[in-house]
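J.: Below is one structure. I have some questions about it.
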Amino acid sequence: MENVITSSAVKVFYGEKEALHGIDLDIPKQGITALIGPSGCGKSTYLRCLNRMNDLVPNTRVAGDIRLDGTDINDAKTDVVELRRRVGMVFQQPNPFPFSVYDNVTYGLRTNGKFSKDELDERVETSLKQAAIWDEVKDDLNKNAWEFSGGQQQRICVARVLAVHPDVVLLDEPTSALDPISSAKIEDTLMNIRDQYTIVIVTHNMQQASRISDKTAFLLNGNLIEYSQTKKMFINPDKQETSDYLNGKFG
């Protein structure tokens, strides 16, 4: 299977503290890869390495090799704006901009290039449909995105990422602030786009990981303990620590 992201010996330092201790993890093209583990294990820290969001954290240093389609993303010549277009991110808390749904979804397009009104209209409709929110907002595209519910806002944020046609979509616990119905809609959205995008999701929810992901990586104390097909890991993990975590003995 072709890998879209490869990473080896990835370490992250917050000042003197080493938060990741040499992660080797390759993400296959398309499908959903889940990162699981207890709080503070390094899941989100690793996720933020993949589009250099850690650059924005003071006193943070990343070591090791991370490649997107074979290109070193930490090379000094890397265009970080273009990297973040190709590797989009959806955060834990819905964070739409305080303007219309239409302007939220077209924001990245208007900052990245010149598109006609027809092209913008088409991207808005397509990405909102992909995010399973079109029917709820199609008559309110000029309404401020903050006026919608949290679950709707999160799907608008997913549409905003999809509108720029990324290669990879990163999601950092995208349903942890949502009610069960909204969470289910986000999961349905991810299942519907898994054949078009490479998706990496950090989740605390074991059931969510088992329901939607193709592969799962288990991190503990800044180390990658196990990485395999999701069904295999949940039914027959290789490591005792994985089994203990999945059975609720810690975490």
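Only the coordinates and a few stated rules stand behind these numbers; no lab work does. All of these numbers come straight from a predicted model, not from anything done at the bench. Here Cβ is always computed from backbone atoms with ideal geometry, including for glycine, and neighbour counts include all displayed protein chains.
J.: Per-residue HN-Hα couplings for the range 8-25, Karplus 6.51 cos²θ - 1.76 cosθ + 1.60 at θ = phi - 60°, whole Hz, x for Gly and Pro?
T.: 9, 6, 7, 10, 10, 10, 9, x, 8, 7, 8, 8, 10, 10, x, 8, 10, 8
J.: To the nearest 20 debye, what charge dipole does the chain have about its Cα centre, counting +1 at the Cβ of each Lys and Arg and -1 at the Cβ of each Asp and Glu? Present the calculation step by step, with values, prior to reporting the outcome.
T.: On the way: 29 positive and 35 negative charges, 53 e Å.
So the magnitude is around 260 debye.
J.: Moving on to the next point. For residue 117, give me every one of the aspartates and glutamates with a C-alpha distance below 17 angstrom, ignoring sequence neighbours fewer than eight places off in its own chain.
T.: Those aspartates and glutamates meeting the cut-off are 103, 125.
J.: Also, I was wondering about something else. What is the distance in Å between the Cα centres of the range 33-67 and the range 189-237?
T.: 16 Å
J.: To the nearest 10 degrees, how steep is helix 150-163 against the longest Cα principal axis of the chain, on a 0 to 90 scale?
T.: Helix 150-163 sits at roughly 90 degrees to that axis.
J.: Follow-up question, since we're still on this one. Quick one: of the DSSP bridges fully inside the chain, what percent are antiparallel, nearest 5? Walk me through the numbers on the way to the answer.
T.: Working: 26 of 44 bridges.
Restricted to the chain, the bridges split so that about 60 percent are antiparallel.
J.: Please report the antiparallel percentage of the DSSP beta bridges confined to the range 119-251, to the nearest 5.
T.: On the way: 6 of 11 bridges.
DSSP beta bridges in the range 119-251 are roughly 55 percent antiparallel.
J.: Which length gain, in nm to one decimal place, applies between residue 71 and residue 223 when the Cα-Cα distance is subtracted from 0.36 nm times their residue separation? Please report the intermediate quantities before stating the final value.
T.: Details: separation 152, 0.36 × 152 = 54.72 nm, distance 2.42 nm.
Gain in length upon complete extension: 52.3 nm.
J.: Determine, from the Cβ-Cβ distance of residue 61 and residue 3 and an R0 of 25 Å, the FRET efficiency 1/(1 + (r/R0)^6), rounded to the nearest 0.05.
T.: Details: r = 25 Å, r/R0 = 1.00.
About 0.50, to the nearest 0.05.
J.: Additional query: Tell me which residues come under 5 Å, amide H to amide H, from residue 26 once H is placed; ignore anything under 5 positions away on its chain.
T.: So residue 26 has HN proximity to 7.
J.: Taking N as the number of residues in the chain, what is its alpha-carbon radius of gyration divided by 2.2 N^0.38 Å? Don't skip to the end; give the middle numbers.
T.: Numbers: Rg = 18.1 Å, N = 251, 2.2 N^0.38 = 18.0 Å.
Compactness ratio reported: 1.01.
J.: Ok, one more. If packing is taken as the average number of other Cβ atoms within 10 Å across a peptide's residues, how do 71-78, 137-144, 216-223, 27-34 rank, most packed first?
T.: Working: 71-78: 11.8, 137-144: 14.1, 216-223: 21.8, 27-34: 19.8.
For the peptides 71-78, 137-144, 216-223, 27-34, the packing ranking is 216-223, 27-34, 137-144, 71-78.
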